[in-house]
1. Could you grab me the full set of residues in region 15-31 that are in a helix (DSSP H, G or I) and within 12 Å of residue 50 (Cβ to Cβ)?
2. With respect to the numbered conditions (1) assigned to a strand (DSSP E or B); (2) over 14 Å from residue 11 (Cα atoms); (3) touching a strand residue (DSSP E or B) at 6+ places or on another chain (Cβ under 6 Å), which one is the sole condition not fulfilled by residue 49?
3. So which pairs qualify, if the first residue must be in region 10-22 and touching a residue at least 24 places away in the same chain (Cβ under 8 Å), the second must be part of a strand (DSSP E or B) and surrounded by fewer than 14 Cβ atoms within 10 Å (Cβ to Cβ), the Cβ gap must be under 8 Å, and the two must be at least 6 apart or on different chains?
């Protein structure tokens, strides 16, 4: 039997409350609603509901200040 070493960093998981705080202090009930509507993926750890940090960070989008115009000025 050959063992293969995989150099991966475990993905960080957040509780519903921690996820809400990471998203700028939104309500934990908003995060629960997004989980229910499948906007976020629910990860169960025992009885706890967790959310992947990568999914949360993907929801954060910078606001465009140029009015959406990508053409030359």
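1. Just the residues of region 15-31 that are in a helix (DSSP H, G or I), to begin with: 16-22, 28-31.
Within region 15-31, 16, 17, 18, 19, 31 qualify.
2. (3)
3. 13/45; 15/48
Conditions tested, residue by residue: (1) under 14 Å from the mean Cα position of the chain (by Cα); (2) at pLDDT 95 or above.
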{"position": "9", "(1), (2)": "no, no"}
{"position": "29", "(1), (2)": "no, yes"}
{"position": "34", "(1), (2)": "yes, yes"}
{"position": "41", "(1), (2)": "yes, yes"}
{"position": "47", "(1), (2)": "no, yes"}
{"position": "51", "(1), (2)": "yes, yes"}
{"position": "59", "(1), (2)": "yes, no"}
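The values are calculated or read from the model by the stated rules, or taken from the named source; none is laboratory data. Treat the numbers as computed from the prediction; the structure is a model and nothing was measured. Reconstructed Cβ throughout: ideal geometry from the backbone, glycine too, with neighbour counts over all protein chains shown.
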